[in-house]
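Step one of this worksheet: look at the structure below.
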């Protein structure tokens with residue numbers, strides 16, 4: 001038994017050293033990419049990632065993560081000085097030019113954008129504020145203004161969905177790592193309250209828009225990381241049952257040329273699926 005433990009520790013140390021060496025010579029960047037219907041394909045084969053541009057002063061190396069494909073627009077997270085900011089690209093083409101549309105004094109990501117009764121809303125990840133926050137605009141895709149906190153939860157990657165004519169929200173507390181499903185009688189304004197606590201093991205978190213397929217509600221979710229697998233190593237898709245229990249439908253692995261995938265989006269208007277892929281790029285070293 002002790003030999004097996006020693007070998008296991010040795011393997012972990014070797015992998016850690018190897019990862020450190022790779023990281024020192026490279027960095028990873030997130031890029032949106034279009035894919036065919038990935039729901040029943042374990043290994044996806046996306047089109048080449050888009051070429052991205054962000055305004056001067058923003059982190060070009062980070063790229064763009066958490067893409068929400070909405071009415072032909074792509075809402076995403078870009079970075080500036082270590083803080084997430086919500087941006088939008090106004091057209092689909094070989095390249096995407098992102099324009100910042102929402103910035104706070106705290107980190108923002110996961111721009112969950114949706115329209116309800118003709119009004120555009122957004123529930124971004126804003127866990128550093130200590131609340132789940134609701135925004136709206138009358139000048140889509142720009143002009144976002146904060147409406148109110150929906151729940152005093154440090155929720156991350158909150159995903160709204162409609163099941164049986166009732167609205168719900170899957171979210172995960174950053175502090176406790178517990179996930180939960182909230183509901184309300186007045187969507188989206190609330191009040192919101194907990195319908196189910198811990199429908200899945202701890203650390204599961206949202207991984208994209210709710211998908212409606214053959215009368216079922218499917219949620220892309222990020223499983224917990226492991227010692228051997230870093231952040232964004234795969235996506236899992238779960239069906240939400242009427243009693244709010246959840247059953248796994250499929251697992252989506254990144255393409256062989258990518259280092260990870262952690263988000264899935266679908267736009268019924270354009271009938272397109274989008275993921276974000278993590279790619280490792282070599283650092284450019286310059287001699288003095």
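A few remarks follow.
- Shown for 146, 175: other C-beta atoms within 10 Å of each C-beta, ranked fewest to most, produce the order 175, 146.
- If you wrap the tightest convex hull around every Cα atom of segment 131-179 and split its volume per residue, you get 98 Å³.
- Summed over all non-identical Cα pairs, the Kirkwood treatment of segment 134-242 gives a radius of 15.0 Å.
- For segment 35-107, the alpha-carbon radius of gyration amounts to 1.19 times the rule-of-thumb value 2.2 N^0.38 Å expected for a compact globular protein.
- For segment 169-210, backbone nitrogen atoms closer than 14 Å to the point 7 Å from residue 245 Cα along Cα-to-C-beta are found at 199-200.
- Among 98, 187, the ranking by other beta carbons within 10 Å of each residue's beta carbon, starting with the fewest, stands as 187, 98.
- Gain in span if fully extended, residue 60 to residue 176, counting 0.36 nm per residue against the direct Cα distance: 38.5 nm
- A straight line joining the Cα centroids of segment 217-278 and segment 126-161 runs 22 Å.
- Separation in nanometres of the label points that stand 7 Å from Cα toward Cβ, at residue 71 and residue 234: 3.7
- Additional length obtainable on full extension of the chain from residue 129 to residue 34, 0.36 nm per residue less Cα span: 31.0 nm
- When restricted to Cα atoms, segment 88-151 yields an Rg and a Dmax of 12.5, 39 Å, respectively.
Any read-out appearing in this document is the output of simple, stated calculations on the displayed coordinates, not a laboratory observation. Keep in mind the model is a prediction, meaning the values are calculated, not measured. As a convention, Cβ positions derive from the backbone with ideal geometry for all residues, glycine included, and neighbour counts pool all protein chains shown.
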